[in-house]
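Student: Mind having a look at this structure? Questions to follow.
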Amino acid sequence: LYFYLGTSTLTDSDSFRDVTVKIERPTYGKPFLGGFKNRITGVEFHNAGSQTIPKKRPDKGIEIFCRETQTVFEKNKPQQTRNTTSTQMTKIGLYVSNKTDKLISPGKYLTADEYHKRRLEAVIVLQTYFRRWHAINIVQNLREKKRLRLEWEAQEELRKKQEKEERLRREWEGKLNPKTKEDFELLYQALELWRQEETERINRTLTGAERKAALCELLEQEAQLIASIGRRRLNADEENQQKAILRFLDKCAQPKRWRAYDGKITEMDTPYILRARALFEIYCSISRNDIPKDERTDVLLTLRRTVEEHECKLTREIIELIYREFDLMSREVKECNLEGLRKRICTLFLQYIKTPEFNPEVARILKVPPDPLMLYKNVNFCQSCEKYLPSTEFPVPASSRTIGRCRLCCKLDNEARRREVFFNYKHLLKNLRKSEVHYQDDAKIVFLVQYQDLQYLIENIWGCQSALSACNDLYDLIMVRWDKQNEWSPWNTILLTKDEADAHLKLCNLQKAYEAEFIHRIKKKHIQAKHYFAQIPAMASFLHRSDNQ
């Protein structure tokens, strides 16, 4: 801030003249630097300071840098101060006691060679004890590793024994109470082995008319056993069908799940899922036969209210059957006479549940397309049963050139004639495909090969035994890559046990790990596989590509 004040000054001619004084007021507060006060007048006088602006140096047009430095000079020098001491000996007029004196005599002189020799002997002693301690530790570690190895081998042996016993127990239980396809395959195989043994015994011991009579009796026994197996299959199919229906309905009623960023599983129920869950509970209720009459009536009323929401021919038929059961129950009809009616109600209600119009959630799981026109695509004709079936119902091996019989006809033919067991080869192929997926190198050949091709490869080329240990237990054998850098193929494979396969896949150089004779034998089997699969058009392109590589 600038203030202009007018003051009067006295001139030499005793006259006054007005002078304008320019006062600059700073914007900051004036610091207090002390002062004094007149006690009489009470006027305060403050100390003040001023700072003049330094004079600027003329600019020469050259950029100059200034820096102040300070160097410290240090100097170290050792100093030894004097320490004056004195001694006093006995003399005339002075006695000094010698009780604390010591007599020092010179010892044997030790040369440098003797000194180093003694040090070497001491080092040798130390090394001896250290090596003994180190050897004891090594032996203890080896002994501990041996103990752990023996324990592991014993556990593995026990595990294999238990797995084999469990497998035999399952097979025996499956033959006594067959429920799955594998159980019936084993049952028909056991029947075929029994028939062959009996036929051989009859041919060896009997002749003429007795032989024919014995063969006829054997044929009747075989027919009775086949009929018994057929009855067991009908019961098992009915039970499996009911379990499949419950699994299907439970899958429709499952909530949607997803994993959050923190790893927790979040579940959500949509209106369609709640609808499917309600229908599933109603179906479970009407499928029960061991409920009282009052509960059965409540279940039927709930079912009627549910299906009345939609008006169609199916719902009208269900409501009509419900009223019929009400009428029969009011007449005290026995429970056994109502089984057929109740099964019919369950069947129609299941058809109601599988309709996407009434249960929208089921459209996500149904395999049958909602559009009937889509069924006309990929349909083939079975020359055995003379039916038009989807292409998925035809097992087409890689060596096949035409589409033959459907799966059901092939199964019936196998049960009637050869009665072979294929689930071992199916299990091998499933494990092989699973292992190839883990490589993530876009393997294709393994998905073209069917279990019939794998059966030929194992039986005719590899002889149903391990290439290393000659183990012939198919339950313990698996097929892996011979060269793990290339994808699996019939000419890049080896049949080994599970333990041998794990060790084989850890090898980096096959030429160093195996002998030349063994490698030559494996290559020979690969050439045999090439000659067989070269006849297959689908395999020809992969075969040429491997030859180029």
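The values are calculated or read from the model by the stated rules, or taken from the named source; none is laboratory data. Predicted, not measured: the structure shown is a model, and the values here were computed from it. When we count neighbours, we look across all protein chains shown, and the Cβ atoms used for this are built from the backbone with ideal geometry, even at glycine. Ligands, DNA and RNA are excluded from the accessible area calculation, which covers all protein heavy atoms including side chains. Shrake-Rupley method; radii C 1.70, N 1.55, O 1.52, S 1.80 Å.
Student: With a 10 Å radius around each residue's Cβ, average the other Cβ atoms per peptide and rank 516-522, 203-209, 379-385, 297-303, highest first.
Tutor: 297-303, 379-385, 516-522, 203-209
Student: Further question on the same structure: Can you grab the distance from the C-alpha centre of the range 467-526 to the C-alpha centre of the range 265-287, Å, no decimals?
Tutor: 51
Student: What aspartates and glutamates does LYS161 reach when the alpha-carbon gap must be under 19 Å and sequence neighbours fewer than 8 apart in one chain are set aside?
Tutor: List returned: GLU151, GLU153, GLU171, GLU173, ASP473, ASP476, ASP499, GLU500.
Student: How many percent of the accessible area of the chain is carbon or sulfur, using a 1.4 Å probe?
Tutor: Roughly 53 percent, rounded to a whole number.
Student: Additional query: List the trypsin sites (Lys or Arg not before Pro) within the range 221-316 that DSSP assigns to loop and that have no more than 12 neighbouring Cβ atoms inside 10 Å.
Tutor: Loop-located and lightly packed - LYS264, ARG288.
Student: Could you run the Karplus curve 6.51 cos²θ - 1.76 cosθ + 1.60 with θ = phi - 60° over the range 205-218 and give me ³J(HN,Hα) per residue in whole Hz, x for Gly and Pro?
Tutor: Those phi angles translate into 9, 10, 9, x, 5, 4, 5, 5, 5, 5, 5, 5, 5, 5 Hz.
Student: Still on this structure, I have one more. Given H placed 1.01 Å from N in the peptide plane, which residues other than close sequence neighbours of LEU495 have an amide H under 5 Å from its amide H?
Tutor: ALA467
Student: Cα convex hull of the range 265-366: how many Å³ per residue?
Tutor: 115
Student: What number, rounded to the nearest 500 deg cm²/dmol, is the helix-based mean residue ellipticity at 222 nm of the chain, given -39500 (n - 2.57) per DSSP H run of at least four residues and division by all its residues?
Tutor: Calculated from helices alone, the mean residue ellipticity at 222 nm is -17000 deg cm²/dmol.
Student: Excluding residues on the same chain fewer than 8 positions from LYS251, give the lysines whose Cα lies under 21 Å from its Cα.
Tutor: Answer for LYS251, where 21 Å is the Cα cut-off: LYS243, LYS354, LYS367, listed by chain and number.
Student: Another question, then. Between the range 68-122 and the range 184-236, what is the C-alpha centre distance in whole Å?
Tutor: Value for the Cα centre distance between the two parts: 114 Å.
Student: Something else: How large is the accessible surface per residue of the range 421-546, computed with a 1.4 Å probe and reported in Å² as a whole number?
Tutor: Accessible surface, normalised per residue, equals 53 Å².
Student: If I model the chain as equal point scatterers sitting on the Cα atoms and use the Debye formula, what is log10 I(q)/I(0) at q = 0.05, 0.06, 0.07, 0.12 Å⁻¹?
Tutor: The computed values of log10 I(q)/I(0) come out as -0.58, -0.66, -0.76, -1.43.
Student: What does the C-alpha gyration tensor say about the overall shape of the range 421-546? Classify as rounded when a/c is under 1.5, otherwise prolate if a/b is larger than b/c, or oblate.
Tutor: Rounded shape, in that the Cα axes give a/c under 1.5.
Student: Search the structure for amide H atoms under 5 Å from the amide H of ASN380, placed 1.01 Å from N in the peptide plane, and list their residues when 5 or more places away or on another chain.
Tutor: Residues meeting the amide H criterion: LEU389, SER391.
Student: Right, another one. Would you mind getting the accessible area per residue of the range 196-236, heavy atoms of the protein chains only, 1.4 Å probe, in Å²?
Tutor: Each residue of the range 196-236 exposes 75 Å² on average to a 1.4 Å probe.
Student: Lysines near LYS512 by alpha-carbon distance under 30 Å, same-chain residues fewer than 8 away left out - which ones?
Tutor: Within reach: LYS145, LYS146, LYS434, LYS444, LYS484, LYS498, LYS523, LYS524, LYS525, LYS530.
Student: Apply the Karplus curve 6.51 cos²θ - 1.76 cosθ + 1.60, θ = phi - 60°, to the phi angles in the range 105-118 and return the couplings in whole Hz, x for Gly and Pro.
Tutor: Calculated HN-Hα couplings, in order: 10, x, x, 6, 6, 9, 6, 5, 5, 5, 5, 5, 5, 5 Hz.
Student: Hey, any idea what the orientation-averaged projected area of the convex hull of the range 444-493's Cα atoms comes to, in nm²?
Tutor: 3.6
Student: Additional query: Could you give each residue of the range 471-477 its phi-based ³J(HN,Hα) in whole Hz, using Karplus coefficients 6.51, -1.76, 1.60 with θ = phi - 60°, and x for Gly or Pro?
Tutor: The phi angles translate into 6, 10, 8, 5, 5, 9, 9 Hz.
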